[in-house]
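Heads up: the structure comes next, in structure tokens.
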Amino acid sequence: MDIKDYMQTVGRQARAASRRLAMATTAEKNAALRHIASAIRREKAALVSANQQDLAAARANGLEPAMLDRLTLTEKGVDAMAEGVEQVATLPDPV
């Protein structure tokens with residue numbers, strides 16, 4: 001699949017997801033957010049490992065050290081991401 005086909009597929013999937021999300025209840029959305037946070041925590045090691053691979057490729061391509069530092073994902077950073085998603089679930093539903 002070329003990039004154009006891929007992006008069109010992703011766009012169609014996003015449109016379908018947005019329609020489903022528009023009909024979801026607050027409880028369903030909050031449950032989904034909690035599941036996302038759980039998945040982030042569960043896959044912490046895989047996320048950090050994939051980030052290390054990305055950083056190695058970025059270094060090989062000459063990315064500036066300051067940018068590498070900003071892109072570095074640590075276990076603490078993954079925990080912060082999960083916590084942020086959980087915090088969103090506690091906010092009033094904007095829809």
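The values are calculated or read from the model by the stated rules, or taken from the named source; none is laboratory data. Bear in mind that the values here come from a model prediction, so they are computed numbers and not experimental data. Neighbour counts run over all protein chains shown; Cβ positions are idealised from the backbone, glycine included.
From the list 66, 50, 60, 16, which residue is closer than 24 Å to residue 83 by Cα and among the small types (Gly, Ala, Ser)? Write out each step before concluding.
On the way: 66 fails: closer than 24 Å to residue 83 by Cα; 60 fails: closer than 24 Å to residue 83 by Cα; 16 fails: closer than 24 Å to residue 83 by Cα.
Result: 50 is the single residue among 66, 50, 60, 16 that is closer than 24 Å to residue 83 by Cα and among the small types (Gly, Ala, Ser).
Only residues that are among the β-branched types (Val, Ile, Thr) and touching a residue at least 40 places away in the same chain (Cβ under 8 Å) were counted across region 46-89, and they come to 2.
In the chain, counting only helices (runs of 4 or more DSSP H) that sit wholly within it, the ones holding 3 or more residues that are of a type in the set (A, V, I, L, M, F, W, C), surrounded by 14 or more Cβ atoms within 10 Å (Cβ to Cβ) and modelled with pLDDT of 95 or more span 26-42, 44-60, 75-90. Anything in region 36-45 that is closer than 30 Å to residue 22 by Cβ and without any contact (Cβ under 8 Å) to a residue 40 or more places away in the chain? List them, or say none. If the condition is that a residue be closer than 30 Å to residue 22 by Cβ and without any contact (Cβ under 8 Å) to a residue 40 or more places away in the chain, then 39, 42, 43 are the ones that fit.
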